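Structure record follows, encoded as structure tokens.
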Amino acid sequence: MLKLSFSNYEQLRAHGVETYPYECCGVLLGHATDDGNAVVEIVRAGNTRVDSLHNRYNIAPEELVKIQRQARKAGLDIVGFYHSHPDHPAMWSSTDFAEAHWLECSYVITRVAGDKTSGAPEDTNSFRLLGTGEDDKRFEPEPIEILMREESAQTV
């Protein structure tokens with residue numbers, strides 16, 4: 001299960017709206033727990049793809065290293081990544097799978113639908129990358145638990 005605050009959930013969905021009709025991307029920082037990943041902070045990243053911005057994303061290695069250092073200083077780990085799918089389902093694509101390498105991380109995808117000039121977030125789904133390496137990696141659907149307040153949560 002992926003746990004994150006309502007604020008973080010709304011922030012990653014808003015990022016997709018802001019970059020529509022192009023894909024947004026970012027990193028989820030937090031802690032791995034016995035029952036999944038708990039997100040403490042999200043960090044927006046620049047989409048450095050120069051081809052197919054509407055259906056591909058890439059986070060520059062230098063930016064990812066900077067985010068990882070920032071996380072370590074805060075006592076956090078990279079527990080996942082997020083991106084948007086403009087006008088496409090919130091399901092992983094063959095490209096998403098081929099480019100996913102962080103085992104045990106959550107990969108969150110938000111469908112943003114619109115009219116090519118403005119969009120609105122629709123579905124948001126999470127998939128956990130499981131396996132022992134490239135040869136047997138697989139995405140498994142992962143419930144998202146949205147923490148409304150410290151004492152309560154909603155699962156989507």
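For a label point 7 Å from the Cα of Ser93 along Cα→C-beta, name the residues of the range 6-27 whose backbone N is under 12 Å from it. Label zone hits: 22-24.
For a modelled paramagnetic label at Glu41, 7 Å from Cα along Cα-to-Cβ, the residues of the range 58-78 in reach, with backbone nitrogen under 11 Å, are 67-77. Just to verify a number: FRET efficiency for Ala60 and Met148, C-beta to C-beta distance, R0 = 35 Å, to 0.05? Efficiency computed from Cβ-Cβ geometry: 0.55.
Among the listed pairs Lys73/Lys137; Lys3/Lys137; Lys66/Lys137, those with a Cα-Cα distance over 28 Å are Lys73/Lys137. With contributions of -39500 (n - 2.57) from each DSSP H run of at least four residues, the per-residue ellipticity at 222 nm computed over the chain stands at -6000 deg cm²/dmol.
Please give me the summed charge of the neighbours of Phe127: other residues whose Cβ is under 14 Å from its Cβ, Lys and Arg +1, Asp and Glu -1. Charge balance in the 14 Å sphere: -2. Looking at the range 57-156, send over the antiparallel percent of its DSSP beta bridges, to the nearest 5. Taking every DSSP beta bridge within the range 57-156, about 70 percent pair in antiparallel fashion.
Taking 0.36 nm per residue of sequence separation and removing the Cα-Cα distance, the Met1/Leu103 pair yields an extension gain of 35.2 nm.
Relative contact order of the range 1-107: 30 percent, from C-alpha pairs under 8 Å at least 6 residues apart in sequence. Listed values (1) 30, 18, 15; (2) 22, 19, 16; (3) 33, 15, 12 include one computed from this model; for semi-axes √(5λ) of the Cα gyration tensor in Å that value carries the label (2).
Quick note: the coordinates plus some simple rules give every number you see, no bench work behind them. Since we're looking at a predicted model, the values are computed, not measured. FYI the Cβ positions are ideal-geometry reconstructions off the backbone, even for glycines, and counts take in every protein chain you see.
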